[in-house]
Amino acid sequence: MLKKFSEFIEEGMWGSALKRSNTGEERREDKDNTQYIDLGLPSGTLWADRNIGATELEEYGDLYAWGETEPKEEYNWYNYKWGADCTKYNKKDGKTVLDPEDDVVYLKTKGKAHIPTIEQIRELLDNTTSEKQKINGVIGGLYKSNINGNTIFIPFAGMYVDQYMGRNSWFRNWSSSLDSSDDPEVASNFYNNCSNFSHIHAWNRCAGFSVRGVKDK
């Protein structure tokens, strides 16, 4: 029998950021201790040391559909904010990057940070070396700067596409950018599947992925 996302949280598999479920019920009011790490990137971009919704570096945090600002129990086109027709960010309006009101990092940090653009993700991949690591029993990717040696850890939180899958096997973290293809239904994301090699992929916007913030110079 398939489990809902909240059942994994209730079993203690999703860290201490949530007390019971990812729908907002009985949330703990934990202080946000997020730090922004200088990886020496050419643009000066600083990367958050944890995912949105995580209170520790290794916690998975929350999952979000692209452009949504609250976590949900299930992720599909039926409950997606702009529907399967993608009534915002499409060929008609010409928008390709999330507006601030649709950027969960921007809202959570009160404008101090934002979801990375696809260019910022490429810059991270071009200037770091990654390897699989385990921190406090959580498997993820450790990204070490080729410039100054600083690191960030991104846990393999999995994803939600019709069901929750992939915990400790991969992560997918959203960018703020639509895919460069001509299909407005898909957005770009940052993917690692335990291989020490990271990819930029496109996926349906309705899927539940992790989100990590960046600060501009």
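Values quoted throughout were computed directly from the atomic coordinates according to the rules given, and no laboratory measurement underlies them. All of these numbers come straight from a predicted model, not from anything done at the bench. Quick reminder, even Gly has a Cβ in these numbers, built from the backbone with ideal geometry, and neighbours come from all protein chains shown.
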For Lys91, Lys144, order by how many other beta-carbon atoms lie within 10 Å, fewest first: Lys91, Lys144
20 Å Cα-Cα threshold exceeded, pairs from Lys110/Lys217; Lys91/Lys215; Lys81/Lys108; Lys95/Lys217; Lys144/Lys215: Lys91/Lys215; Lys95/Lys217
Computed lengthening from Lys112 to Lys134, 0.36 nm per intervening residue step minus Cα-Cα distance: 5.0 nm
Asp38-His201 FRET efficiency (beta carbon distance; Förster radius 25 Å; 0.05 resolution): 0.40
Where chymotrypsin sites (Phe, Trp or Tyr not before Pro) fall in DSSP loop in the range 26-134, at most 10 other Cβ within 10 Å: none
